[in-house]
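Below you will find the structure I want to go over with you.
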Amino acid sequence: MRISRRAASLLSLLVVAGLALSACGPKQDPTPPGNNGGAQNEQPAPSTGQPAVGGNLNLVLEKEPDSFNSILYTTAYGAEIVTQLYATLFEFNEKYEPTPYVAESWEMSEDQLTLSIKIREGIKFTDGTDLDAEDVAFTLEAIMHPDYTGARASSLRDVESIEVVDKHNLKIHLKKPSAPLLTNINYGILSKEAFEGYSIAEMEKAPASMDAPVGAGPYKLKEYVRGQYVVMERNPDWFMSEQYGGAPFIETLTFKIIPDSQTALAALQNGEIDRLTPEASDVAMLETQFADKLTAYNWDRNGFGYMTLNNSKAPLDDKRVRQALTLGLDREAIITGVLEDRATIPPGPIPPISWAYDDSIEVLERDVEKAKQLLEEAGFVMNESTGIYERDGEPLKLTFFAGAGATTTEAIGAIARSSWKEIGVDLDVQMIDFNAMMDNYVAPGKFDVTFSAFNLGLDPDSMFNLFHSSAGQPDANGNVLGFNRARFYNDRVDELLEKAREEFDPEKRKEYYSEFQRIVVDEAPVIMVYSNVYTDFVNSRVKGVVNFPGFGATSDYIYRWYINEK
Amino acid sequence: MGRYLLKRVLNMIPLLILATLLSFSIMQLAPGGPEKVLLAAEDATLDPSRIEELRERWGLNDPIPVQYVRWLGNVLTGDFGRSYFYRKPVSEVIGSALPATLQLQSIALFLTYLIALPLGIISAVRQYSKLDYAVTGLAFAGQAAPSFWVAILLIWGVAMKSNGLIPTNGIATPGVNFETYGWLSVLADRAKYMILPLTVMVFGSLTSLTRYMRSSMLEVLKEDYIRTARAKGLAEKVVVYKHALRNALLPVISISGGLLSSMVGGAVITETIFSWPGIGRVGFDAVTQRDYNVSMAIMLMSGVLTLIGFLLVDIAYVWVDPRIKYD
């Protein structure tokens with residue numbers, strides 16, 4: 001999933017919460033291309049031709065893919081390949097609802113503890129063997145195995161056991177009800193046979209993990225040359241082909257490894273690659289100078305950059321101080337000055353593109369007077385000679401830690417410093433090595449403010465990782481390793497997140513998330529700074545490109561793209 | 001000479017151990033570890049106990065000396081360990097990147113010497129001539145212009161204006177190989193990918209060599225024996241190329257000791273900008289991803305080659321300058 005690639009490059013590796021989920025989905029409704037209305041906006045095709053098989057699509061990978069095993073890979077580069085190689089149980093439509101893929105149908109038991117899945121008949125792996133319930137069980141059980149060496153064990157934490165009923169039926173038994181279950185179990189199905197003779201611990205050594213992957217997805221591996229390129233070719237026997245009018249259409253996909261973003265930009269303009277998400281600063285140039293060559297697809301990021309406030313440490317343990325900082329931060333200036341106006345201010349923790357977003361929540365405008373008033377209510381007195389608020393003789397001075405080297409973060413630090421100065425808060429901006437910052441300051445809670453980013457998966461349950469108190473409990477050494485680095489502990493929020501996790505009725509879930517959002521906005525444990533508006537550029541020779549809400553011209557739908565026409 | 005060589009080689013061993021021990025400790029002391037990079041995606045944050053589990057399994061919780069001795073023992077048996085990141089043996093990861101780097105670096109090196117030495121000689125012989133100023137100017141431009149800037153300039157100014165003749169990046173066209181194409185077309189394909197990276201690398205490394213050659217030549221040309229040679233009525237060509245050059249080469253040889261190791265060290269910036277799949281990129285990624293085994297193997301390799309390089313320099317001295325003797 002490309003969203004995670006972007007996150008990885010922008011924010012180091014810590015922020016990709018939705019990786020496992022987004023890696024294999026969202027897949028789209030099984031309707032022919034172009035017939036979907038709603039949030040999906042397909043670019044008007046310049047001709048009325050019907051898609052035909054053929055052509056080669058050039059894509060870019062920033063770095064070497066790490067593994068072609070759907071449950072072992074960790075990078076976004078591996079994800080690009082894995083997405084094409086493997087079929088998953090479900091697809092997800094533009095409302096992020098599950099639709100059939102390998103799973104033909106499914107049913108949850110009354111007590112919501114058993115999910116019965118019917119596997120589509122007649123699915124073949126690319127090596128000609130059958131994909132059946134055994135393979136699905138093998139894939140999921142490998143993740144749950146104690147010897148499993150990958151990074152996805154916790155996504156199946158609610159699964160008790162997997163029962164193969166017969167060749168085309170299996171049951172997933174749960175420890176407790178789990179609403180995000182379908183996104184959590186949606187991994188590329190591995191072939192059990194291909195891993196015969198390899199223990200789970202040794203799985204990575206099997207040829208099927210790298211050199212000879214066996215999947216049932218729309219493309220198969222043709223050639224991989226380390227450091228240079230991955231060539232994939234169309235799987236003519238793809239089991240969904242008929243349903244999508246003969247898809248996949250493009251004969252070969254060539255993923256070129258281009259680590260430098262300026263080089264990739266040149267390659268896009270030169271027609272050597274067909275798709276790129278450029279830096280915000282290059283978007284306007286591409287839109288005006290390459291309008292005849294490239295088609296732009298704008299999309300809202302399903303995530304945000306945010307400031308984490310240390311809720312466990314004075315003075316930020318006081319809600320009024322946190323609110324004052326939120327009101328005082330000039331987010332408009334950040335978006336205009338740093339992000340070239342290609343971002344919006346997120347109203348709350350759940351972005352407006354999500355079904356769980358509560359539309360009564362509005363963006364707070366900057367209000368210097370109110371911020372000052374809140375600080376005074378919290379017992380601070382303005383020291384007229386320094387222009388900084390004081391309490392008990394202590395000036396209101398905060399330290400902002402951010403990873404060095406990221407120009408966006410550095411600029412945000414500068415704007416935060418100047419805009420908080422106006423509300424009488426002195427900010428010390430510290431830019432240090434990212435890992436050193438995490439280990440020495442953020443994890444042990446020795447910070448006031450820090451900056452990072454978060455991507456939501458397909459399910460709003462990812463909020464659990466950010467705001468539930470269990471994700472913010474210090475370990476024996478006093479380090480918080482979970483995402484709740486704000487150390488925000490709120491009983492009602494915990495309760496709401498737990499309830500929403502176990503509730504299957506969408507209306508009720510939405511209510512829980514609404515209340516949750518209102519509390520988070522009021523408590524202000526973090527400051528939502530921006531949510532990017534990204535632009536994907538695709539060479540105009542490519543048609544049928546799907547602009548998926550929250551993910552853009554993602555690779556997941558390449559099977560619908562086409563170059564040749566009948 | 002034989003005894004001297006043996007002594008030199010034996011001396012290399014403690015030096016190597018010291019160098020690897022230092023780099024091993026520095027790597028391990030840097031914040032973050034491979035398990036965090038690998039698990040950051042999900043588990044590390046959702047289930048911190050997994051971090052400990054993996055560290056335990058990979059032996060990362062043992063004291064650094066214990067880990068070092070274990071690593072050294074494995075290396076002595078030819079086992080460089082496993083790449084945490086690529087889930088493959090280190091030898092495979094490095095083995096697939098090394099040829100690309102050697103290919104580029106050896107040609108770049110050859111061209112650098114081929115151009116720099118004559119340039120240095122000419123500007124010394126014709127000191128303060130227009131040519132000397134031109135060479136000096138070129139050399140300093142090469143030193144002053146950052147390689148990434150030159151590289152991007154070439155991509156925009158040359159590759160993108162060449163109508164596809166010169167590619168912006170990469171090392172070979174997918175599918176063009178010896179099995180399906182004639183060797184001439186394969187070589188032509190490889191060559192067109194090499195033009196820009198070679199230009200950047202040669203341009204950037206001309207300076208020091210040209211300047212060394214020039215100043216050392218100037219020095220030698222002032223020597224008495226050169227005056228004697230001239231007084232004997234020898235042709236200027238013979239004086240310069242036979243008598244002066246050999247003596248002037250000594251300092252140039254002594255700065256060439258690090259060449260071998262820099263050849264395998266790769267050029268991170270050039271490799272990154274031109275998407276050249278070489279060892280520089282692998283090494284850089286290994287350090288940022290805390291892929292200890294990969295970065296240690298590369299450090300060991302460049303350590304060994306640095307030492308061998310300087311050994312070769314010492315041997316070359318004897319060959320160039322008969323006055324030098326070892327025993």
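The values are calculated or read from the model by the stated rules, or taken from the named source; none is laboratory data. Quick caveat, the model's predicted, so the values are computed rather than measured. Note: ideal-geometry Cβ built from the backbone for every residue, glycine included; neighbour counts use all protein chains shown. These area figures cover heavy atoms from the full protein model, side chains too; ligands, DNA and RNA do not enter into them. Shrake-Rupley method; radii C 1.70, N 1.55, O 1.52, S 1.80 Å.
Residue A:53 is checked against (1) closer than 27 Å to residue A:540 by Cα; (2) of a type in the set (Val, Ile, Thr); (3) open to solvent by less than 10 Å² (accessible area, probe 1.4 Å) and fails just one. What number does that condition carry?
Tallying (1) closer than 27 Å to residue A:540 by Cα; (2) of a type in the set (Val, Ile, Thr); (3) open to solvent by less than 10 Å² (accessible area, probe 1.4 Å), residue A:53 fails exactly one: (3).
In region A:223-252, which residues are open to solvent by less than 10 Å² (accessible area, probe 1.4 Å) and at the interface with chain B (Cβ under 8 Å from one of its Cβ atoms)?
A:227 - this is the single residue of region A:223-252 that is open to solvent by less than 10 Å² (accessible area, probe 1.4 Å) and at the interface with chain B (Cβ under 8 Å from one of its Cβ atoms).
Tell me, please, whether a residue that is among the charged types (D, E, K, R) and not in a strand (DSSP E or B) can be found in region A:542-549.
Looking through region A:542-549, none of the residues is among the charged types (D, E, K, R) and not in a strand (DSSP E or B).
Now for a different question. So residue B:130 clears everything in (1) within 14 Å of chain A (Cβ to nearest Cβ); (2) basic (Lys, Arg); (3) surrounded by fewer than 16 Cβ atoms within 10 Å (Cβ to Cβ) except one condition, right? Which one?
(1)
Conditions tested, residue by residue: (1) touching a residue at least 40 places away in the same chain (Cβ under 8 Å); (2) within 11 Å of another protein chain (Cβ to nearest Cβ); (3) not in a helix (DSSP H, G or I).
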{"position": "B:140", "(1), (2), (3)": "yes, no, no"}
{"position": "B:156", "(1), (2), (3)": "no, yes, no"}
{"position": "B:179", "(1), (2), (3)": "no, no, yes"}
{"position": "B:184", "(1), (2), (3)": "no, no, no"}
{"position": "B:191", "(1), (2), (3)": "no, no, no"}
{"position": "B:194", "(1), (2), (3)": "yes, no, no"}
{"position": "B:206", "(1), (2), (3)": "yes, no, no"}
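Another one. Can you name the number of the only condition in (1) surrounded by fewer than 24 Cβ atoms within 10 Å (Cβ to Cβ); (2) within 14 Å of chain B (Cβ to nearest Cβ); (3) under 21 Å from residue B:54 (Cβ atoms) that residue A:141 fails?
(2)
Here's another thing I want to ask about it. Look at residue B:282 and say whether it is open to solvent by 30 Å² or more (accessible area, probe 1.4 Å), at pLDDT 85 or above and either touching a helix residue (DSSP H, G or I) at 6+ places or on another chain (Cβ under 6 Å) or part of a loop (DSSP other than H, G, I, E, B) (or both).
no
Kindly provide the set of residues from region A:476-533 that are of a type in the set (Phe, Trp, Tyr), open to solvent by 20 Å² or more (accessible area, probe 1.4 Å) and within 15 Å of residue A:322 (Cα to Cα), ordered by number.
Hit for region A:476-533 is A:489, nothing else.
Report the residue count in region B:208-230 for those that are buried (at least 19 other Cβ atoms within 10 Å of the Cβ) and within 27 Å of residue B:141 (Cβ to Cβ).
Result for region B:208-230: 10.
Search region A:383-428 for residues being closer than 18 Å to residue A:315 by Cβ and among the β-branched types (Val, Ile, Thr), and hand back the single one that is most open to solvent (accessible area, probe 1.4 Å).
Top of the filtered list is A:386.
Residues are listed down the side, and each one gets a yes or a no for (1) part of a helix (DSSP H, G or I); (2) within 14 Å of chain B (Cβ to nearest Cβ):
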residue: A:254; (1), (2): no, yes
residue: A:268; (1), (2): yes, yes
residue: A:287; (1), (2): yes, no
residue: A:307; (1), (2): no, no
residue: A:311; (1), (2): no, no
residue: A:315; (1), (2): no, no
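Separate question: Anything in region A:359-415 that is among the polar types (S, T, N, Q) and modelled with pLDDT under 90? List them, or say none.
Within region A:359-415, A:407, A:408, A:409 meet the criteria.
Continuing with this model, one more query. Please pick out the residue among B:245, B:305, B:234 that is touching a Gly at 6+ places or on another chain (Cβ under 9 Å), more than 14 Å from chain A (Cβ to nearest Cβ) and open to solvent by 30 Å² or more (accessible area, probe 1.4 Å).
None of the others qualify; the one that does is B:305.
Within region A:68-82, can one find any residue that is touching a Gly at 6+ places or on another chain (Cβ under 6 Å), crowded, with 24+ Cβ neighbours inside 10 Å, farther than 23 Å from residue A:171 by Cα and not acidic (Asp, Glu)?
Checked region A:68-82: at least one residue is touching a Gly at 6+ places or on another chain (Cβ under 6 Å), crowded, with 24+ Cβ neighbours inside 10 Å, farther than 23 Å from residue A:171 by Cα and not acidic (Asp, Glu).
Out of (1) away from chain B (no Cβ under 14 Å); (2) open to solvent by less than 20 Å² (accessible area, probe 1.4 Å), the odd one out for residue A:263 is which?
(1) is the only condition that residue A:263 fails.
Just checking, which of A:298, A:310 is buried (at least 21 other Cβ atoms within 10 Å of the Cβ), in contact (Cβ under 8 Å) with a residue 12 or more places away in the chain and of a type outside the set (Val, Ile, Thr)?
None of the others qualify; the one that does is A:310.
Output the qualifying pairs, or none if there are none: Cβ atoms under 9 angstrom, residues six or more apart or on different chains, first residue in region B:86-107 and more than 21 Å from residue A:75 (Cβ to Cβ) and within 12 Å of another protein chain (Cβ to nearest Cβ), second residue open to solvent by 40 Å² or more (accessible area, probe 1.4 Å) and in a helix (DSSP H, G or I).
That search, which allows pairs on different chains as well, returns B:98/B:301.
Scan region B:133-151 for residues that are modelled with pLDDT of 90 or more and touching a helix residue (DSSP H, G or I) at 6+ places or on another chain (Cβ under 7 Å) and report the count.
Going through region B:133-151 one residue at a time, the tally reaches 2.
If residue A:59 passes every condition in (1) modelled with pLDDT of 95 or more; (2) touching an Asp or Glu at 6+ places or on another chain (Cβ under 9 Å); (3) part of a helix (DSSP H, G or I) but one, which one does it miss?
Condition (3) is where residue A:59 drops out.
Hey, another quick one. Looking only at residues that are away from chain B (no Cβ under 13 Å) and out of contact with any strand residue (DSSP E or B) (no Cβ under 9 Å at 6 or more places or on another chain) in region A:270-281, which one is least open to solvent (accessible area, probe 1.4 Å)?
So the residue we want is A:281.
Quick grid of which residues meet (1) away from chain B (no Cβ under 12 Å); (2) in a loop (DSSP other than H, G, I, E, B); (3) under 29 Å from residue A:62 (Cα atoms):
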{"site": "A:137", "(1), (2), (3)": "yes, no, no"}
{"site": "A:155", "(1), (2), (3)": "no, no, yes"}
{"site": "A:165", "(1), (2), (3)": "yes, no, no"}
{"site": "A:172", "(1), (2), (3)": "yes, no, no"}
{"site": "A:188", "(1), (2), (3)": "yes, yes, yes"}
{"site": "A:204", "(1), (2), (3)": "no, no, yes"}
{"site": "A:215", "(1), (2), (3)": "yes, yes, yes"}
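Every residue, every condition in (1) in contact with a Gly (Cβ under 7 Å, 6 or more places away or on another chain); (2) assigned by TED's automatic domain parsing to the domain that holds residue A:180; (3) aromatic (Phe, Trp, Tyr); (4) in contact (Cβ under 8 Å) with a residue 60 or more places away in the chain, yes or no:
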{"position": "A:468", "(1), (2), (3), (4)": "no, no, no, no"}
{"position": "A:480", "(1), (2), (3), (4)": "yes, no, no, no"}
{"position": "A:483", "(1), (2), (3), (4)": "no, no, yes, yes"}
{"position": "A:501", "(1), (2), (3), (4)": "no, no, no, yes"}
{"position": "A:514", "(1), (2), (3), (4)": "no, no, no, yes"}
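Any residue at all in region A:342-356 that is open to solvent by less than 50 Å² (accessible area, probe 1.4 Å), outside any loop (DSSP other than H, G, I, E, B), assigned by TED's automatic domain parsing to the domain that holds residue A:518 and touching a Phe, Trp or Tyr at 6+ places or on another chain (Cβ under 7 Å)?
Yes.
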